[in-house]
Amino acid sequence: MTPFAYHASPDEQDAIASAVAGGRYIAGGTTLIDLMREEVEEPKRLIDINQLPLHDIRETADGLVIGALARMAEVAAHPAVARMQPLLVETLLEGASPQLRNMASIGGNLLQRVRCPYFRTLDAACNKRRPGSGCAAIGGINHNHAILGTSDHCVATHPSDLAVSLVALGAVVRIRGPQGLREFPVEALYRLPGDTPHLEHTLSPGELIVEVFVPYGPYAQRARYLKVRDRASYEFALVSIAAALEIDAGVVRQARLAAGGVATRPWRLAACEAALVGQPASQATWRKVAPLSVAGARPLSGNGFKIELLQRTLVRTLELAGEAA
Amino acid sequence: MNAIGRPLPRVEGAAKVTGAARYAGEFDQPGQAHAVIVSATVGLGRIAAIDVATAQTLPGVLAVISHLNAPKLAYSPHKGFIDPAHGERLHVFQDDQIRFFGQPVAVVIADTLDQAEHAAAAIHVDYAARTPELRIEGVETLPAGGSHASAYKARGDADAALSQAPVKVDAVYRIARENHNPMEPHATIAAWDGDRLHLWSKSQFVTNEQVEIAAVFGLPADHVHVTCPFIGGAFGTALRTWPHVTIAAIGARHVNRAVKLVLTRRQMFYTTGHRPRSMQRVALGAGTDGKLSAIVHEGTAETSRYEQFVEALTTITSYLYSCPNVRSSHGLAPTDTSTPTYMRAPGEASGVFAVECAMDELAGALNMDPVSLRLLNEPSIDEGENRPFSSRSLKDCIEQGAARFGWSRRDPRPRAMRDGRLLIGWGMATATYPAFHAPAGARACLHGNGPAEVEAAASDMGPGTYTSMTQVAADALGLPPEHVLFQLGRSDFPRTPPHGGSMTMASVGSAVQAACLAVRAKAVQAAIADARSPLFGAAAADIDAADGSLFVKSEPARRETYATIAARHGSIEAEATCSPDEDARKRFSMHSFGAVFTEVAVDPDLGIVRVRRAVGAYGCGRVINPRLARSQCTGGMVGGIGMALMEQTLLDPRDGRPVNASMADYLVPVNLDVNELDAIFVEEDDPHVNALGVKGVGEIALTGIAPAIANAVYHATGKRVRALPIRIEDLI
Ligand SMILES: Cc1cc2nc3c(=O)[nH]c(=O)nc-3n(C[C@H](O)[C@H](O)[C@H](O)COP(=O)(O)OP(=O)(O)OC[C@H]3O[C@@H](n4cnc5c(N)ncnc54)[C@H](O)[C@@H]3O)c2cc1C
Ligand code: SF4
């Protein structure tokens, strides 16, 4: 570990000022500390934000507000979340392990870093860790890597399960920075790697995620998250799908879909969503739209199976969502 | 009441769950410094330059040691029981050559672990790198010699019989490299006292570690003392003494302080052994009645360039079934990687996988029940050795296991059994492992006060050695188990064989029994010769022991406790060594057998496989402690689920880097992957194997389970996957 200073911020203003001065936020530390131990991350100064009043989970007239410091476990166990957005409960419980969920915050979850093994060791070429050094995964072991949104510079998948469901639900992230408050869809938080894979998100220095707003929608009760992986728990997704459907009289009125494990950012399946509207809620429909999910997919040497697996997972999740509620 | 046969809970259980049990890395020494290894980041080549300038100036750094400044070590010849017969162990920091990815190239010693880690990251090494050879297929192989010359076996003319067989199967099976990945990492604390070295070091074989490190440093063996009372899992990775132990000792000498060295999880994939990747061709020929007429089994496994590691990959083939024409062979593919080592059921687990999948394929080709096929080919003797089995309960295992599992309700057609949308598959396989026995010693001591003390160098990596030895000692002495204190894991205790190969119960158990009987006989002599004893004048043959007392059988009222006798005479001590009965071993073939049945559910769309239940029936001789034995077997099943469906160390084809070298990326089963597991033991009375009549259960528990799962996956899906692990992409 590279030596660092530690500062526990008493309030948002102090935290933001400290971060602007070059500090790095730490919440649960489950991403950051691991990477600091490997010296993949070398913050000079940690700004502990756990004392900030960002732990609340509350209902408003039009949605749920989840504080950035609420723990994954707290959100998953919250009655309002279970009632209003069961998709989030299912998603959170599919992620990590109980121990990690007790520590891990919602803000940290959204900004967790990739699990690409070449990123997490100093001695491999990795454009994300050391821009310009190359991408060891492209010619190496890339079984778990992305088929969508990749570039010749980086093919790592975005690892968060939660982000996939938040993108599907059209959630909004609220940010406080030196310039005050702003908000935008969770989807807009993430960048494609392009030729700058070291730039992962759209936050400016010092910007702090304060909360996430999840709007209600008529699709919230017909929503499922399905995560496919080689063991039953405690593994990142090979492929995952968040699907939320509004169905009326057997016809799809609205569909909200996103995929995880296959793309360099939480992957909104907009073409599938559009194709579902007005179609009968049936196996035939699910199958018909599935190929749209892999448009533009670029398989690597070890992950070609994801093209088929993504479509099958999508069909199954739509089926489960169609049955839900 | 006898202690043997009772399901006693672990005697060290409380110490373990309260944290009182101390593992190697927890014996912190006064003034101890910390060591962190710098590992090679190329797969083959030479160190061109090492820049340690920055690292040396960092706070707390005491030393950086590499081949440039390391002492030239003696590395005297020494090959322990577990070292490969051919080749030479890695000499650490003795030259500039890089033989495999992750080879130690330097070590940093600092006051704290954090300082050492940080300095290690600041060391820059330049390499002249070449491309390593990693392939095991399509390359020249060496014949596997050494201890497993029996890997080459032939009777009859298998190839001719195969070509004439009316029914045959012929296929190639592959198994990925696996790393042991015990919870506890390798750890060594080294402290010198003049030219004497004390090591607290994770080891399944402390007496070998003593001799090996003495040979490396050119010391008399008794100048090295090794302690390891507890092991947090090992599965074979702590049998050999690996380079980090030497590095800790080099470091401690260099800085003249005790040094603690704990490997990182990633480093556990570099230099502490692995189950070698293997490729096996199995061809079976049979008559239309299902009688085997030919077995060909050709195996190839990886080894390193500098040592030829041979395991029992194809040795089971000659005795498993009755067949007149059998040929087996075992080749080694030298690769630029570190040397593989024994991993739970080394060789047998891999060999049984190939043979038992082939048997399942043959059953399919014959349209015959897999259970019936095995029963039909049950031999009456070991046809490879041409001698009878000391005991063989395979038939009972198959029948009892099948009954318990409900095998008769199986629809034989693939894809015929369903639960909703899931495909259900039932598969079975035979399990087997040799009943080894090696010379071992033990010491027993009776005191006027406190428990009887029994000690042997042995280990307990989890099977329950502490408990089972306590039971053996208690019965031999006629003491309740609470009055026995068994200790192990010190190189100054009587020598024992490696804690592996399922031979601890047979070997150490027999020695413990012998030592306890010897000390008991001494106590008897002391009592009958002592006018102050109620036993005075009785004939030794007339004395029995129970509940902590010796008594005259014909006059049970004449009795005296061990404590009273020892209080008068001073402590009474005896040591015994116990060797296998070589004569019996020449007359009989000695193996354990078992049968494993599994049920899997496969999602046909998503390719997800879950093992819903497994039943294993084992014939392992006498079971000393049913609770521990059962736990061994269910633990083996969990390992088998990993072997079948998850475990694989992925090597980067360009440089041999183990890419998934973390517990997040190297998958082993988690609780949710483990459902109903059931193990039963068939009654087996084997008077030939050893004095205790035990065969051991640790390894057989892993054999059979992976093929039973693979066969169940076939039964569920109709798809035969011949490479482990079977993963989602194989089934969609
Ligand atoms: C073994 C393992 C398995 C896992 N499995 C899964 C899984 O299956 N699915 C899944 O989704 N996740 C998984 N995770 C990831 C886990 O969910 C994240 O590590 C966790 O959510 C991060 O939250 P944290 O509070 O610990 O973040 P930290 O480690 O404290 O911070 C992470 C990053 O976010 C930044 N940050 C934190 N809070 C804020 C904020 N409010 N504003 C701005 N920046 C902020 C930090 O500066 C840092 O860069 C796993 C993690 C591990 C270690
Ligand atoms: S995929 Fe991205 S994170 Fe992985 S090695 Fe390539 S650049 Fe680095």
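See the values below:
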{"item": "Nonlocal amide H pairs with A:VAL252, under 5 Å, H built at 1.01 Å", "result": "A:GLY278, A:GLN279, A:ALA281"}
{"item": "For the protein assembly as shown: accessible area per residue (Å², 1.4 Å)", "result": "35"}
{"item": "Over region A:223-323, relative contact order from alpha-carbon pairs under 8 Å, at least 6 apart, %", "result": "27"}
{"item": "Fraction of accessible area attributable to carbon and sulfur, the protein assembly as shown (%, probe 1.4 Å)", "result": "52"}
{"item": "Cut-off under 5 Å, modelled amide H: who pairs with A:ILE147 long-range", "result": "A:ALA263"}
{"item": "Interface residues, region A:217-235 - accessible area loss of 20 Å² or more versus chain alone, probe 1.4 Å", "result": "A:VAL228, A:ARG229, A:ASP230, A:ARG231, A:ALA232, A:SER233, A:TYR234, A:GLU235"}
{"item": "Mean ellipticity per residue at 222 nm, deg cm²/dmol - from DSSP H runs of n ≥ 4 across chain A, formula -39500 (n - 2.57)", "result": "-7000 deg cm²/dmol"}
{"item": "Accessible heavy-atom area order of A:MET1, B:MET183, highest first, probe of 1.4 Å", "result": "B:MET183, A:MET1"}
{"item": "Solvent-accessible area of A:TYR234 with every protein chain in place, 1.4 Å probe, in Å² to the nearest 10", "result": "100"}
{"item": "Value at 222 nm in deg cm²/dmol, rounded to 500, when DSSP H runs of n ≥ 4 in chain B each add -39,500 (n - 2.57)", "result": "-7500 deg cm²/dmol"}
{"item": "Chain B, relative contact order [Cα under 8 Å, separation at least 6], %", "result": "17"}
{"item": "Filtered GluC sites (Glu not before Pro), region B:81-145: DSSP coil and at most 11 other beta carbons within 10 Å", "result": "B:GLU137, B:GLU140"}
{"item": "In Å², nearest 10: area of B:THR112 left accessible to a 1.4 Å probe", "result": "60"}
{"item": "Karplus-derived 3J(HN,Hα), 6.51/-1.76/1.60, for each residue of region B:414-422, Hz, glycine and proline x", "result": "x, 6, 8, 9, 9, 9, x, 7, 7"}
{"item": "Residues losing 50 Å² or more accessible surface upon assembly, region B:638-685, compared with the chain by itself, 1.4 Å", "result": "B:ARG654, B:ARG657, B:VAL659, B:LEU667, B:VAL670"}
{"item": "Solvent-free Debye scattering, log10 I(q)/I(0), computed from the Cα coordinates of region A:223-323 at q = 0.12, 0.14 Å⁻¹", "result": "-0.36, -0.48"}
{"item": "Theoretical FRET efficiency, 1/(1+(r/R0)^6), r = Cβ-Cβ of A:VAL20 and A:VAL251, R0 45 Å, to 0.05", "result": "0.30"}
{"item": "Estimated vicinal HN-Hα couplings, Hz - region B:468-479 in sequence order (Karplus 6.51, -1.76, 1.60; Gly, Pro = x)", "result": "5, 5, 4, 5, 4, 5, 4, 5, 5, 8, x, 10"}
{"item": "Computed accessible area, B:VAL670, all protein chains, 1.4 angstrom probe, square angstrom", "result": "30"}
{"item": "B:THR303 long-range amide H proximity, modeled H, under 5 Å", "result": "B:ALA333, B:THR335"}
{"item": "Accessible-area ranking of A:THR196, B:THR337, largest first, probe 1.4 Å", "result": "A:THR196, B:THR337"}
{"item": "Hz values of 3J(HN,Hα) by residue in region B:651-656 - Karplus curve (6.51, -1.76, 1.60), Gly and Pro given as x", "result": "9, 5, x, 8, 9, x"}
{"item": "Cα shape, chain A, gyration tensor, a/c 1.5 rule", "result": "oblate"}
{"item": "B:SER592, B:SER322, reordered so the largest accessible area comes first (probe 1.4 Å)", "result": "B:SER322, B:SER592"}
{"item": "Where B meets A: accessible area buried, both sides, 1.4 Å probe, Å²", "result": "3100"}
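The values are calculated or read from the model by the stated rules, or taken from the named source; none is laboratory data. Computed from a predicted model, the values in this text were never measured in an experiment. Here Cβ is always computed from backbone atoms with ideal geometry, including for glycine, and neighbour counts include all displayed protein chains. These accessible areas exclude ligands, DNA and RNA; they are computed on the full protein's heavy atoms, side chains included. Shrake-Rupley method; radii C 1.70, N 1.55, O 1.52, S 1.80 Å.
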